[in-house]
Amino acid sequence: MADPFLSIQHVRKSFGATTVVEDFNLDVERGEFVSFLGPSGCGKTTVLRMVAGFEEPSAGTIVVGGKDITRLKPNQRNVGMVFQAYALFPNLTVAQNIGFGLKVAGMPRADIDARVAEMLGIIKLPQMADRYPYQLSGGQQQRIALARAIAPKPKLLLLDEPLSALDAKVRVSLREEIRSIQKKLGITTIFVTHDQEEALSISDRIAVMYGGKAEQVGTPFEIYNRPATKFVANFVGTLNVLEGTVTDAAAGTVRVNSEQVSLKGKLNGSKSGDTLSLALRPEAISLGRQPGRDSSLSGEISEVHFLGSVIRVRVGIGGNTVSLDTFNSPATPPPAVGEKAEISFSSSDMLVLH
Amino acid sequence: MKSGKFWAWLVFALGAAYFFIPLIATVEFSMRMRRGEYSFDAYKVVLGDARFQATFGYSVLAAVFTIILGVLIVVPAAYWIRLRLPQLRPIVEFITLLPLVIPAIVIVFGYIRMYGSNSPLPFLATDTGTNALLVIGYATLALPYMYRAVDTGLRTIDVRTLTEAAQILGAGWGTIITRVILPNVLIAVLSGAFLTFAIVIGEFTMASLLNRPAFGPYLQNIGANRAYEPAALAIIAFAITWGCMSLIQILSRFAPRSANRPN
Ligand SMILES: Nc1ncnc2c1ncn2[C@@H]1O[C@H](COP(=O)(O)OP(=O)(O)OP(=O)(O)O)[C@@H](O)[C@H]1O
Ligand SMILES: [Mg+2]
């Protein structure tokens, strides 16, 4: 990345004796949509609030568009923010809410009106201008909050779990709308969430956070398929973990439940006799031998859940259980509990968790 | 069940009687100025009295200044405590309760000692200074009511998030207080204002000891020297107080409804 638009460098934040964010680094390009994903309490909000200016970093710098903004007040940063609790001004109408930032900036009345109308069009609520916030649904309120945040054309848009107070259906439609508005306006965006599906579906890149650090920053594809740490592998998606013992480090063979699996080139640094955690995504496993899958393990079917189009099967392999999904096929009945079964997979899909 | 209801009604009736009988008696008495028939003569005399108009006008003006002073002190203070110093709230609540515990006469003697004409801050040397001191004293007396009203109003909004939302949109403190906080607690501020008004209109001790031509001392003076007029005055003062209370009730219906549903 030649010249990142937003650069968060070595940022640390302590509240008293407890350090909440530790050496956080992230570069974001102009127009990029980056999500912060992580469990509760990992410091997502704290990092976002430092970018907004509500918290001052204990150390480190934040640069936007080549300008160091670390010590600027929130009202000097030209950043837009959407809060989980909507935070619309209850005494102002929708139009006044959206125009608030413009009015504060001293924009002429006619220009404000034009911009507000444009915003109402973008969020597809053109007829709501004269309503008060209490007359709107949660989803509508959050769209107004989005319009209010982007009306003054901020350099950055920050969203702190904007969808978590909404019900599931609205959540999905609104997240797509946020993404499409963001793309259309080309506004650099940070989106905080603890919902991995949300992060995977709408982000250009995801920063997976844990314990105040960015564990991994990458595209959704990279994060999901090539997790850099055990935490990322476990936190994002479902994972089947098998214990294995290295039998021949040079040849890359690992014994799993008395069967050999070849993991050439994946064991970097492990010695013969080491125990490893091996992980497989459910969708990387097939029931029975399949063409193109170079490895297999045998076990016994322990659970079968018929979910309609998909059948979720759990197979016991020695002391471990793996989940896999197969598609329902009307011609073949689902496997029965207690049957012997073989699972197959490509050794290249297997993740070695360090 | 039935007897429970009976006792409840009995207690209610006793309470109502305790409240209404003196009131009705006063009304009845105030209308007996003319022998043998009821009339509003006492009210005519009172309302036509130049001193009534002067002292009432003075007290209304004092009340207006007291309300302005109270709002200027209490709104920013209560807001700041909610926003940044929540740990101070119990202490501040205690301080605002002090005027209920310390008699007004103690406060006013303190003032007279502190601000006499040969003190470094000679408030009492001039009429304007004394008027200002009276307003300050009234603001102190009204503090418990004003603070509680405003604080209750602030509780209904998400002060912190609204402040941050305004800040990130570029607003400074002045804009935040006047355009975001005050409008949302306006009804609470108004109810505090009417309570202040009611207190100031009837206040006697401070006005009398500072020798101000206020309504309270006038009431007392009339009460000591006339027969029917004090009753009429009492009813007028009562009506003013009740008018204020009803206005609070009416205004609270217009409070901006909070749309924040934080979870
Ligand atoms: N003002 C503060 N004073 C002390 N500790 C704080 C403060 N703000 C946050 N923390 C602590 O910092 C940690 C990270 O908080 P933060 O709000 O950033 O987490 P988060 O990742 O946003 O979590 P969530 O998903 O629950 O919103 C938490 O352990 C929290 O208790
Ligand atoms: Mg958070």
- prompt: Is the shape of chain B rounded, prolate or oblate, going by the alpha carbon gyration tensor and its root eigenvalues a ≥ b ≥ c, with a/c under 1.5 for rounded and a/b larger than b/c for prolate?
  reply: oblate
statement: antiparallel share of DSSP beta bridges within the protein assembly as shown, to nearest 5, in %, is 75
- request: Taking only Cα atoms and a 10 Å spring cutoff, compute GNM fluctuations for chain B and point out the largest among B:A13, B:A139, B:A166.
  value: B:A13
- request: Please name whichever of A:G299, A:S201, A:N91 sits farthest to the positive end of the charge dipole of chain A, dipole taken about the Cα centre and charges placed at Cβ: Lys and Arg +1, Asp and Glu -1.
  value: A:N91
Shape call, segment B:1-108: gyration tensor on alpha carbons, a/c limit 1.5: oblate
message: For a quick check: with amide H placed at 1.01 Å from N, whose amide H comes under 5 Å from A:S58's, ignoring anything fewer than 5 positions away on the same chain?
response: A:R12, A:K13, A:S14
statement: Under a 1.4 Å probe, counting only protein heavy atoms, B:W7 has an accessible area in Å², nearest 10, of 140
- request: Please compute the net charge surrounding A:E177, taking Lys and Arg as +1 and Asp and Glu as -1 over other residues with Cβ under 9 Å from its Cβ.
  value: +3
- line: For A:K271, counting only lysines whose alpha-carbon sits under 25 Å away and dropping same-chain residues fewer than eight positions off, the answer is A:K230
message: Give me the one-decimal Kirkwood hydrodynamic radius in Å for chain A, with the sum taken over alpha-carbon pairs.
response: 23.1
query: If you take the Cα atoms of segment B:17-63, find Rg, then find the Kirkwood Rh from the mean of 1/r over all pairs, what is Rg/Rh?
result: 1.13
- prompt: What residue among A:V34, A:A149, A:I190 has its Cα farthest toward the positive end of the dipole of segment A:6-235, where the charges are +1 on Lys, Arg and -1 on Asp, Glu, each on the Cβ?
  reply: A:A149
- request: For segment A:1-59, run through the trypsin sites (Lys or Arg not before Pro) and keep only the ones in DSSP coil with at most 15 other Cβ atoms within 10 Å of their Cβ.
  value: A:R30
- request: Please state, as a whole number in µm²/s, the translational diffusion coefficient that the Stokes-Einstein equation yields for segment A:295-354 at 20 °C and 1.002 mPa s, with Rh defined as the Kirkwood radius across alpha carbon pairs.
  value: 172
task: Arrange the residues B:R34, A:R143, B:R253 by how much accessible surface each exposes, largest first, with a 1.4 angstrom probe.
output: B:R253, B:R34, A:R143
Computed log₁₀ I(q)/I(0) - Debye formula, equal Cα scatterers, no solvent, the protein assembly as shown, q 0.06 Å⁻¹: -0.55
query: A:Q76: net charge of surrounding residues, Cβ under 13 Å, Lys/Arg +1, Asp/Glu -1, itself excluded?
result: +4
message: If I take the Cα coordinates of segment B:33-169 and project them onto the principal axes, what are the three extents in Å, biggest first?
response: 69, 47, 31
- prompt: Which of the listed residues, B:V75, A:P282, B:A227, is farthest toward the dipole's positive end in the protein assembly as shown, when Lys, Arg count +1 and Asp, Glu count -1 at the beta-carbon?
  reply: B:A227
message: Once R0 is set to 30 Å, what does the formula 1/(1 + (r/R0)^6) return for the Cβ-Cβ distance between A:T245 and A:T219, expressed as a FRET efficiency to the nearest 0.05?
response: 0.35
field: Simple spin-label estimate for B:L247 and B:A227 in nanometres, 7 Å along Cα-Cβ
entry: 3.6
task: State, to one decimal in nm², a quarter of the convex hull surface area for the C-alpha atoms of segment B:126-263, i.e. the direction-averaged projected area.
output: 11.0
query: For segment A:6-235, with only Lys/Arg (+1) and Asp/Glu (-1) charged at the beta-carbon, what is the dipole magnitude about the Cα centre, in debye rounded to 20?
result: 440
- request: Assign one of three labels to segment A:240-353, namely rounded, prolate or oblate, based on the Cα gyration tensor with a ≥ b ≥ c the square roots of its eigenvalues; rounded applies when a/c is under 1.5, prolate when it is not and a/b is larger than b/c, and oblate otherwise.
  value: prolate
Proximal charge balance of A:V322 [Cβ under 13 Å; K/R count +1, D/E count -1]: -4
query: What dipole magnitude, in Debye to the nearest 20, does segment B:18-252 give about its Cα centre under +1 on Lys/Arg Cβ and -1 on Asp/Glu Cβ?
result: 160
task: Would you mind computing, in nm to one decimal, how far apart the modelled labels at B:R89 and A:D294 are, each placed 7 Å from Cα along Cα→Cβ?
output: 6.4
field: Low-density loop cleavage sites - trypsin sites (Lys or Arg not before Pro) in segment A:219-313, where at most 13 other Cβ are within 10 Å (DSSP)
entry: A:K264, A:K271, A:R289
query: For the protein assembly as shown, what is the charge dipole size about the Cα centre, in debye to the nearest 20, if Lys and Arg each add +1 at the Cβ and Asp and Glu each add -1 at the Cβ?
result: 1480
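The values are calculated or read from the model by the stated rules, or taken from the named source; none is laboratory data. Because the structure is a prediction, the values reported are computed rather than measured. Heads up, the Cβs are rebuilt from the backbone with ideal geometry, glycines too, and the neighbour counts pull from every protein chain shown. Please note that ligands, DNA and RNA were not included when accessible areas were found on the heavy atoms of the full protein model with its side chains. Shrake-Rupley method; radii C 1.70, N 1.55, O 1.52, S 1.80 Å.
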